[in-house]
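The values are calculated or read from the model by the stated rules, or taken from the named source; none is laboratory data. None of the values given here were measured: they were computed from a predicted structure. In this analysis, Cβ positions are derived from the backbone assuming ideal geometry, glycine residues included, and neighbour counts consider all displayed protein chains.
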Amino acid sequence: QKEVEQNSGPLSVPEGAIASLNCTYSDRGSQSFFWYRQYSGKSPELIMSIYSNGDKEDGRFTAQLNKASQYVSLLIRDSQPSDSATYLCALYNRKLIWGLGTSLAVNP
Amino acid sequence: GAVVSQHPSWVICKSGTSVKIECRSLDFQATTMFWYRQFPKQSLMLMATSNEGSKATYEQGVEKDKFLINHASLTLSTLTVTSAHPEDSSFYICSALKPGLGETQYFGPGTRLLVL
């Protein structure tokens, strides 16, 4: 089992819709979780960090963490074409452990 | 947030030459920095962990004599690709660990290396 798993996609949503990205992990001891966005040919950009169970909102983005079920998700409200990118889930355990990313396409 | 810079942003060199890439944390001190490599349409691959004042820790399969890492100050880490060959052509990205809650890494913009 991979340490961090994501659906590779592509996930396609219409403009204005909610995009839901999911990630599961295997290490129950993980405490820090991150969502990064990576545009093609660019380096990753931090979107959200979350450390406690529950929801954390920042603008159009909401991260959700459930440690008992070992999943973390990212919701993007009012999706825009500029949100089209690869979204990487990561957890920190002496180093960042990455998922392979989910490709999101927001269609105008 | 936090700002991490890399220089150069792209470099083209001849096979057999060495290339140095700098990574700087501009508005915070980073005792730990990381170097990644990413090939087209592939995921990020961690090459090594760079700790200020001590030797870098390399991931399995990464040649430490080929990829020299120096972290001489709390704001600067360098990666030197020695005797570069075409197969070393890739996108090299550094990140810096910002102290505080959550061990958050901030990434530099990356350096695109093309070895002819």
Quiz item: When you look at residue A:95, is it more than 11 Å from chain B (Cβ to nearest Cβ), within 22 Å of residue B:102 (Cβ to Cβ) and of a type in the set (Lys, Arg), yes or no?
Solution: no
Exercise. Scan region A:9-22 and give yes if some residue there is within 14 Å of chain B (Cβ to nearest Cβ), surrounded by 18 or more Cβ atoms within 10 Å (Cβ to Cβ) and not small (Gly, Ala, Ser), otherwise no.
Key: no
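Out of all the residues in region A:58-77, which are surrounded by 13 or more Cβ atoms within 10 Å (Cβ to Cβ), under 24 Å from residue A:16 (Cβ atoms) and not aliphatic (A, V, I, L, M)?
A:60, A:61, A:62, A:64, A:73, A:77
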Practice problem: Tell me, yes or no, whether region A:34-47 has at least one residue that is charged (D, E, K, R), in contact (Cβ under 8 Å) with a residue 24 or more places away in the chain and out of contact with any Cys (no Cβ under 7 Å at 6 or more places or on another chain). | Solution: yes
Exercise. Search region B:32-49 for residues being in contact with an Asp or Glu (Cβ under 9 Å, 6 or more places away or on another chain) and of a type in the set (Ser, Thr, Tyr), and hand back the single one that is nearest to the other protein chains (Cβ to nearest Cβ).
Key: B:49
Quiz item: Can you tell which of B:61, B:16, B:53 is free of Cβ contacts under 8 Å to residues at least 12 places away in the same chain, on the phi > 0 side of the Ramachandran plot and away from chain A (no Cβ under 13 Å)?
Solution: B:61
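Could you list, in sequence order, all residues of region B:105-116 that are part of a strand (DSSP E or B) and within 14 Å of chain A (Cβ to nearest Cβ)? Walk me through it before giving the result.
Let us first name the residues in region B:105-116 that are part of a strand (DSSP E or B), namely B:105-107, B:111-115.
Those that are part of a strand (DSSP E or B) and within 14 Å of chain A (Cβ to nearest Cβ): B:105, B:106, B:107, B:111, B:112, B:113, B:114.
Based on this model, can you work out whether residue A:69 counts as hydroxyl-bearing (Ser, Thr, Tyr), out of contact with any Asp or Glu (no Cβ under 8 Å at 6 or more places or on another chain) and within 11 Å of chain B (Cβ to nearest Cβ)?
Values: hydroxyl-bearing (Ser, Thr, Tyr): yes; out of contact with any Asp or Glu (no Cβ under 8 Å at 6 or more places or on another chain): yes; within 11 Å of chain B (Cβ to nearest Cβ): no.
So residue A:69 fails the test.
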Exercise. Please work out which residue is modelled with the highest pLDDT, limiting yourself to region B:53-109 and to residues that are surrounded by 19 or more Cβ atoms within 10 Å (Cβ to Cβ) and of a type in the set (Asp, Glu).
Key: B:88
Quiz item: Could you count how many residues in region A:98-108 are facing chain B (nearest Cβ under 8 Å) and closer than 17 Å to residue A:13 by Cα?
Solution: 1
